[in-house]
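Since the structure comes first, as structure tokens, the remarks are kept for the end.
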Amino acid sequence: MGKTMMDVNIEGINKELKNKSPKQIIEWALSIAKNPVITTNFRPYEVAILHACTNVDENLKVIWCDTGYNTPNTYKHAFELIKKLNLNIQLYVPKQTVGYRDVKMGIPQVNTEDHKLFTEQVKLEPFKRAMKEHQPDVWFTNLRHGQTAFRDSIDIVSKSKDGILKVSPFYYWTDTELDAYLKAQNLPNEFKYFDPTKVLENRECGLHS
């Protein structure tokens with residue numbers, strides 16, 4: 001496709017990529033990237049994007065912002081995938097421990113000032129720190145159509161509020177299609193996942209919106 005980062009026409013490239021495979025989308029993005037990263041929280045179906053991206057670039061940096069509130073199942077799943085896929089993990093954690101926060105505020109109710117502070121501490125600050133340190137130009141995510149109203153408004157390729165090119169290779173894939181992908185690749189999945197900043201599945205935490 002022969003484009004550079006500055007030349008990317010979002011609307012045009014999305015039309016071009018609409019019927020491409022995740023592998024082809026990833027290869028296109030890597031062809032114009034100088035410093036790509038993938039972010040993960042090891043939620044359900046994250047293994048698909050991790051597998052697909054690292055199959056194309058085994059050294060791709062994988063940023064894991066661990067809130068500290070993951071379930072034991074999620075941690076076990078994460079460690080299994082890190083080993084199985086030989087992930088180049090870049091781990092970021094909050095500056096405050098869970099124990100400190102349990103005494104200070106616990107997990108506040110949604111739509112309160114305390115919850116905004118909580119979300120900033122456990123998710124947004126570590127993420128901003130990671131992005132500042134790595135300075136990526138391409139950011140692979142597993143955002144998919146149908147997850148939230150905001151995610152329905154974007155496409156395979158979009159730009160973050162900081163101007164980073166966000167690429168979601170599985171954007172139009174359904175859970176059923178992902179289940180088939182995981183089965184074909186003999187990849188595990190894990191559903192006992194908890195995000196304390198979202199509570200509801202269709203609620204954004206501020207990372208992508």
Amide H partners (placed H, <5 Å) of Y92, local residues excluded: W64, C65, D66
Accessible surface, per residue, of the chain when the full set of protein chains is kept, probe 1.4 Å, Å²: 52 Å²
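In the chain, what percent of the accessible surface is made up of carbon and sulfur (1.4 Å probe, ligands and nucleic acids excluded)?
50 percent
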Relative contact order of the stretch 1-103, defined on C-alpha pairs under 8 angstrom at six or more residues apart (%): 25 percent
Computed label-point distance, nm, for sites K23 and T97 using a 7 Å Cα→Cβ extension: 4.7 nm
Alpha-carbon centroids, the stretch 40-96 and the stretch 154-197: separation in whole Å: 13 Å
Cut-off 9 Å between beta-carbons: net charge of the residues surrounding T74, Lys and Arg +1, Asp and Glu -1: +2
Degrees between helix 46-56 axis and first principal axis of the chain (Cα, 0 to 90, nearest 10): 40 degrees
Net charge over other residues, Cβ less than 14 angstrom from the Cβ of A48 (K, R count +1; D, E count -1): 0
Spacing of the two label points (7 Å from each Cα toward its C-beta) at F191 and E133, in nm: 3.5 nm
Nitroxide proxy distance, nm - points 7 Å out along Cα→Cβ at I10 and A180: 3.1 nm
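List the relative contact order of the chain as a percent without decimals, with contacts defined as Cα pairs under 8 Å and 6+ residues apart.
Dividing the mean separation by the residue count of the chain yields 27 percent.
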Long-range amide H partners of K61 with built H, under 5 Å: I38
Between helix 125-134 and the chain: long-axis angle, C-alpha atoms, 0 to 90°, nearest 10: 40 degrees
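Could you work out [θ]222 nm for the chain from helices alone, using -39500 (n - 2.57) per DSSP H run of at least four and dividing by all its residues? Round to the nearest 500 deg cm²/dmol.
-11000 deg cm²/dmol
Set the Förster distance to 22 Å, then compute FRET efficiency between L117 and D162 from the Cβ-Cβ distance, nearest 0.05.
Once rounded, the FRET efficiency stands at 0.50.
The values are calculated or read from the model by the stated rules, or taken from the named source; none is laboratory data. Just so it is clear, the model here is predicted, and its values are computed rather than measured. Please note: Cβ atoms are built from the backbone with ideal geometry, for glycine as well, and neighbour counts cover all protein chains shown. Side chains included, ligands, DNA and RNA excluded: accessible areas come from the protein's heavy atoms. Shrake-Rupley method; radii C 1.70, N 1.55, O 1.52, S 1.80 Å.
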